[in-house]
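Only the coordinates and a few stated rules stand behind these numbers; no lab work does. On a predicted model such as this, the values are computed, not experimentally measured, just so you know. Please note: Cβ atoms are built from the backbone with ideal geometry, for glycine as well, and neighbour counts cover all protein chains shown.
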Amino acid sequence: MGRELTEQELHNLAMNIVGRELEANGFEFMAINSELKKNPQYVCLKEKILHFIVVRNVEFPENPRHYDEELMKTVKDHAIKFEARTYFAGVGLSNASNRDLPLYLDEEYIVDYQGLIEIE
């Protein structure tokens, strides 16, 4: 068995999953911040509109569609100053062989990511 992934590695994995989707959907990256607790993770441009995207690794059995409303309100208030839209991207990651175990380096995992959630 490999070593357990760190919080930063899980965060980076979630960011890579979201980043690939953004790229595939024509988002242009203006700024990327992969440091834990620094928000938003992505500032992107699409169709001349700025998008602030907060990415979170969400551990099983938590629901990756649920987000910290206080945090997202803070990010949205900041985004408004830039006439930007705000999104939450929760990525559920779990061990493929046993969802109750942590993720290990070089072992299979399950991704539960259902796309961006716009914060209205």
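Numbers below:
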| item | result |
| --- | --- |
| Long-range lysine pairs (8 or more apart or interchain), the chain, Cα under 16 Å | 6 |
| The chain, relative contact order [Cα under 8 Å, separation at least 6], % | 25 percent |
| Taking the range 72-120 and dividing mean pair separation by its residue count, relative contact order in percent (alpha carbons under 8 Å, at least six apart) | 40 percent |
| In Hz, Karplus ³J(HN,Hα) per residue of the range 44-53 (6.51, -1.76, 1.60; θ = phi - 60°; x = Gly, Pro) | 10, 10, 8, 6, 6, 10, 7, 10, 9, 10 |
| Neighbour net charge for Leu101 - beta-carbon separation under 14 angstrom, K R +1, D E -1 | -3 |
| Kirkwood Rh, angstrom, the range 59-120 [1 / mean 1/r, Cα pairs] | 13.3 Å |
| Alpha carbon centroid spacing (whole Å) that separates the range 67-109 from the range 1-40 | 9 Å |
| Calculated diffusion of the range 1-83, Stokes-Einstein form, Kirkwood radius summed over Cα pairs, 20 °C and 1.002 mPa s, µm²/s | 154 µm²/s |
